[in-house]
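Enquirer: Structure in structure tokens, see below.
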Amino acid sequence: MREKIEALMAEVAALSCNTEQEIEQARVRLLGKKGEITALFDEFRTVAPELKREFGQKLNVLKNTAAAKIEELKEAASESQAGGAAAFDYTMPGDPVQLGSRHPVSIAREEIVNIFRKFGYDVAEGPEVEDDWHVFEALNFPPEHPAREMQDTFFINDSDNPVLLRTHTSSVQVRAMEKMPLPIRIVCPGRVFRNEAISARAHCIFHQVEGLYIDENVTFADMKQAILLFAREMFGAQSQIRMRPSYFPFTEPSAEIDVSCNICGGKGCNICKGTGWLEIMGCGMVDPNVLEASGIDSKKYSGFAFGMGVERIAMLKWQVRDLRNYFENDLRFLKEFETSL
Ligand code: PHE
């Protein structure tokens with residue numbers, strides 16, 4: 001009897017069945033009315049009285065262990081059934097794909113570029129890592145010229161002919177003047193870098209769209225008209241512009257352009273600080289020195305150039321008060337521009 005109990009204990013411990021049917025068969029075989037364990041209880045009646053205590057205990061342990069094991073197997077089987085068939089419901093609707101939206105700076109840049117495309121301008125791009133010639137020298141910034149200080153430059157090395165991050169996309173205009181046949185009519189969108197402290201109004205990385213038009217007999221009046229038409233496309237048909245004298249080494253004369261405030265219509269509000277005007281870009285007639293540096297005959301050709309910050313235009317258009325919003329990738333901010341696609 002002892003051996004039988006031990007053999008059944010081992011069998012119960014090793015029992016493994018997967019389907020409910022198999023489990024039921026095992027239950028009947030062990031614990032059913034004619035089951036092996038039930039049979040041992042019958043046999044127990046014939047055991048000598050001095051052994052009854054020991055065998056009785058052992059039999060009860062065997063019976064309880066077998067019952068518990070059967071329950072355990074049943075639970076495992078019903079769980080795996082649920083995990084198998086029910087977890088994959090082919091009729092469930094799919095999860096909607098979360099589409100991202102375009103970044104406001106991309107939207108604004110495209111809008112600016114598209115306006116000038118309509119005017120017949122091509123798009124030119126160039127490297128962000130530049131040499132001194134294309135960022136300064138060819139643009140009439142001689143070495144040691146104080147105007148270099150206007151643009152806090154990130155230098156990549158310290159040699160006599162330094163490699164640097166472009167501080168404006170005027171460098172692309174130089175490359176175009178060196179290579180392209182005349183007349184030239186281009187806009188140069190791109191990322192620029194300046195060693196400035198990050199604040200609500202300034203960042204060390206931002207984007208520009210600069211423009212260049214060179215042909216015979218290009219005048220200041222042409223520039224003024226092109227910029228006025230741009231401002232009306234960008235900020236509304238009622239927009240006015242005004243010019244203030246300014247200075248850039250590569251243009252002469254130079255001007256700063258203000259557009260009438262699109263919030264208050266020029267009456268004065270807190271966006272335009274009560275002036276009715278918002279500053280949007282710098283511009284000017286290309287300095288003859290710049291044309292000559294790129295091999296263009298300044299007696300025959302003239303041209304104008306302009307440059308604007310994309311973040312600034314976007315801030316004015318959508319009344320974003322803090323430039324840093326553009327760089328933090330906060331979805332609550334970015335999602336506001338979803339409809340501007
Ligand atoms: N390059 C100037 C800047 O980055 C902008 C500019 C371009 C001004 C062309 C005049 C003419 O500030």
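The values are calculated or read from the model by the stated rules, or taken from the named source; none is laboratory data. Predicted model only: the values in this text are computed from it and were never measured. Heads up: the accessible areas ignore ligands, DNA and RNA and are worked out on the full protein's heavy atoms, side chains in. Shrake-Rupley method; radii C 1.70, N 1.55, O 1.52, S 1.80 Å.
Enquirer: Of all accessible surface on region 104-340 at a 1.4 Å probe, what whole percent is carbon and sulfur? Intermediate values should be presented prior to the final figure.
Expert: Values: 5480 of 11350 Å².
On region 104-340, the fraction of accessible area on carbon and sulfur atoms equals 48 percent.
Enquirer: Please report Rg over Rh for region 197-314, where both radii come from the alpha carbon positions and Rh follows the Kirkwood definition. Write down the numbers at each step before the final one.
Expert: On the way: Rg = 15.6 Å, Rh = 15.4 Å.
My calculation of the ratio gives 1.02.
Enquirer: List the lysines whose Cα lies under 30 Å from the Cα of LYS4, skipping any in the same chain that are fewer than 8 positions away.
Expert: LYS33, LYS34, LYS52, LYS58, LYS63, LYS69, LYS74
Enquirer: Sticking with this one: Grab the DSSP H runs of the chain that are 4 residues or longer, score each as -39,500 (n - 2.57), total them, divide by all residues and round the 222 nm result to the nearest 500 deg cm²/dmol.
Expert: Helix-only estimate at 222 nm: -12000 deg cm²/dmol.
Enquirer: If you roll a 1.4 angstrom probe over the protein chains with everything in place, what fraction of the accessible area of region 2-86 belongs to carbon and sulfur, to the nearest %?
Expert: Values: 3120 of 5790 Å².
Here it works out to 54 percent.
Enquirer: With N denoting the number of residues in region 2-86, provide Rg(C-alpha) divided by 2.2 N^0.38 Å, to two decimal places.
Expert: On the way: Rg = 15.1 Å, N = 85, 2.2 N^0.38 = 11.9 Å.
The value comes to 1.27.
Enquirer: Once the mean 1/r over all distinct Cα pairs of the chain is inverted, what Kirkwood radius in angstroms do you read off? It would help to have the intermediate numbers written out before the result.
Expert: Working: mean 1/r = 0.0378 Å⁻¹.
Taking the inverse mean of 1/r over all distinct Cα pairs, the chain comes out at 26.5 Å.
Enquirer: Can you work out the accessible area per residue across region 104-340, with the rest of the protein chains kept in place, probe 1.4 Å, in square angstrom?
Expert: Working: 11350 Å² over 237 residues.
It amounts to 48 Å² per residue over region 104-340.
Enquirer: Return the long-range amide H neighbours of HIS207 (sequence gap of 5 or more, or a different chain), with a cut-off of under 5 Å between placed amide H atoms.
Expert: Here the answer is VAL192, VAL310, GLU311, since their amide H atoms fall under 5 Å of that of HIS207.
Enquirer: Further question: Would you work out the relative contact order for region 104-340, in percent, from Cα pairs under 8 angstrom that are 6 or more residues apart? Display every interim value, and only then the final one.
Expert: Values: 458 pairs, mean separation 48.7, N = 237.
With pairs under 8 Å counted, the relative contact order is 21 percent.
Enquirer: Counting heavy atoms of the protein chains only and a 1.4 Å probe, report the per residue accessible area for region 2-86 as a whole number of Å².
Expert: Averaged over the residues of region 2-86, the accessible area is 68 Å².
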